[in-house]
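S.K.: Encoded as structure tokens, here's the structure I'll be asking about.
The values are calculated or read from the model by the stated rules, or taken from the named source; none is laboratory data. Not measured: the values here are computed from a predicted model. Note that each Cβ is placed from the backbone with ideal geometry, even for glycine, and that neighbours are counted across all protein chains shown. All accessible areas refer to the heavy atoms of the entire protein, side chains included, with ligands and DNA or RNA removed. Shrake-Rupley method; radii C 1.70, N 1.55, O 1.52, S 1.80 Å.
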Amino acid sequence: MSYLGLSNKLAANLAEKHHLDEEKQVVLAFAIEVLVLNIANAILTLTIGWALGVFKGTAVCLLTIAAFRHNAGGGHSDSPWRCAAVTMIVFPLLAIAAHQVSTGQDFYLNILSAVSILIGFAFVWVFAPVDNPKAPILSPIRRRKLKIWALSIMGIITMLILSLRFIKWEMAPEIGMCLVLSLLWVSFNLTPWGHRLWFFIDTISIR
Amino acid sequence: MKNLMFRFSGLAIVALIFAAKVEPLCFFFHYQPEVPASLRK
């Protein structure tokens, strides 16, 4: 198991103090890694969103994608640093794009909403849950449960998108477009093309 | 103080191991740390 030095050191320290066996130490290192990376990524991404003036939109994109990826899975990078870089770029960009798109005519916003909902349902139905060699889904029952959860979340997001198209609130179009664009990003990540994109990102050398 | 820190770190360990056992899939970003064999399901 290869985790960051920080996760390994902290887990080893805690395991020594509390006399934990090796297996529990590995689980602890994994839990610390997930927690640290998710918190750091969220803080950095929201900070960039705030600096670019799209804090709320970035937060909505984060929440939407969080709800999905937890159950639907999708393409992943092999490197936490590349993941952080892409996350910090993509989420605020989605929020900026949503802000721009939301000023368009209602007709086009309705079309875009409908297309994203259709694509979302189709891709979740066909591909989800997408696992990877580092986190394989072994049980068919668990696989089915994750698919049902992903479809349920898709249903909730659909209702939110539709509600936001009808209510009179000045932020409604922008928040709605954040949901729509996040849905498209998540759906893309479920597909083989999404996996190819991550494979390509992983081949970019960082010096 | 040391006793308090020891107890707190014990609670943190229980919470972390519990969270990892409940759901080993990554939460929402684009990197998945390798799930330990004992947590795979």
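S.K.: Just to be sure I understand, how many residues within region A:68-123 are more than 22 Å from residue A:172 (Cβ to Cβ), of a type in the set (D, E, K, R) and open to solvent by 60 Å² or more (accessible area, probe 1.4 Å)?
M.R.: Residues in region A:68-123 being more than 22 Å from residue A:172 (Cβ to Cβ), of a type in the set (D, E, K, R) and open to solvent by 60 Å² or more (accessible area, probe 1.4 Å): 1 in total.
S.K.: Can you say whether residue A:95 is among the hydrophobic types (A, V, I, L, M, F, W, C), within 8 Å of chain B (Cβ to nearest Cβ) and not in a loop (DSSP other than H, G, I, E, B), as far as the supplied structure shows?
M.R.: It is false that residue A:95 is among the hydrophobic types (A, V, I, L, M, F, W, C), within 8 Å of chain B (Cβ to nearest Cβ) and not in a loop (DSSP other than H, G, I, E, B).
S.K.: Additional query: Taking region A:128-146 on its own, how many of its residues are part of a helix (DSSP H, G or I), open to solvent by less than 70 Å² (accessible area, probe 1.4 Å) and either of a type in the set (Phe, Trp, Tyr) or without any contact (Cβ under 8 Å) to a residue 24 or more places away in the chain (or both)?
M.R.: So the count comes out to 1.
S.K.: Kindly indicate whether residue A:31 is modelled with pLDDT of 85 or more, touching a helix residue (DSSP H, G or I) at 6+ places or on another chain (Cβ under 7 Å), among the small types (Gly, Ala, Ser) and under 17 Å from residue B:37 (Cβ atoms).
M.R.: On the way: modelled with pLDDT of 85 or more: yes; touching a helix residue (DSSP H, G or I) at 6+ places or on another chain (Cβ under 7 Å): yes; among the small types (Gly, Ala, Ser): yes; under 17 Å from residue B:37 (Cβ atoms): yes.
Yes; evaluated as a whole, the condition is true for this residue.
S.K.: Quick check on this structure: which one of A:151, A:164 is assigned to a helix (DSSP H, G or I) and open to solvent by 30 Å² or more (accessible area, probe 1.4 Å)?
M.R.: Values: A:164 fails: open to solvent by 30 Å² or more (accessible area, probe 1.4 Å).
Criteria check complete, one pass: A:151.
S.K.: For region A:1-16, name all the residues that are assigned to a helix (DSSP H, G or I), out of contact with any Asp or Glu (no Cβ under 6 Å at 6 or more places or on another chain) and among the small types (Gly, Ala, Ser).
M.R.: The answer is A:5, A:11, A:12, A:15.
S.K.: Let me ask you something else. Being within 26 Å of residue B:13 (Cβ to Cβ) and outside any helix (DSSP H, G or I): is that true of residue A:19 here?
M.R.: yes
S.K.: So for region B:16-37 (the condition being farther than 30 Å from residue A:59 by Cβ, open to solvent by 20 Å² or more (accessible area, probe 1.4 Å), at pLDDT 80 or above and more than 11 Å from the chain's Cα centre (by Cα)), does at least one residue qualify? Don't jump to the end; show me each part of the working.
M.R.: Residues of region B:16-37 that are farther than 30 Å from residue A:59 by Cβ, as a first pass: B:36-37.
From the residues that got through so far, the ones that are open to solvent by 20 Å² or more (accessible area, probe 1.4 Å) too are B:37.
Then keep just the ones that are at pLDDT 80 or above; that gives B:37.
Remaining after also requiring more than 11 Å from the chain's Cα centre (by Cα): B:37.
Checking region B:16-37: at least one residue is farther than 30 Å from residue A:59 by Cβ, open to solvent by 20 Å² or more (accessible area, probe 1.4 Å), at pLDDT 80 or above and more than 11 Å from the chain's Cα centre (by Cα).
S.K.: Go through region A:49-61 and give me each residue that's part of a helix (DSSP H, G or I), hydrophobic (A, V, I, L, M, F, W, C) and crowded, with 24+ Cβ neighbours inside 10 Å.
M.R.: Answer for region A:49-61, where residues must be part of a helix (DSSP H, G or I), hydrophobic (A, V, I, L, M, F, W, C) and crowded, with 24+ Cβ neighbours inside 10 Å: A:60, A:61.
S.K.: Moving on to the next point. Looking at A:37, A:46, A:28, can you tell me which residue is free of Cβ contacts under 8 Å to residues at least 40 places away in the same chain, facing chain B (nearest Cβ under 7 Å) and either on the phi > 0 side of the Ramachandran plot or assigned to a helix (DSSP H, G or I) (or both)?
M.R.: A:28 is the lone residue from the list that is free of Cβ contacts under 8 Å to residues at least 40 places away in the same chain, facing chain B (nearest Cβ under 7 Å) and either on the phi > 0 side of the Ramachandran plot or assigned to a helix (DSSP H, G or I) (or both).
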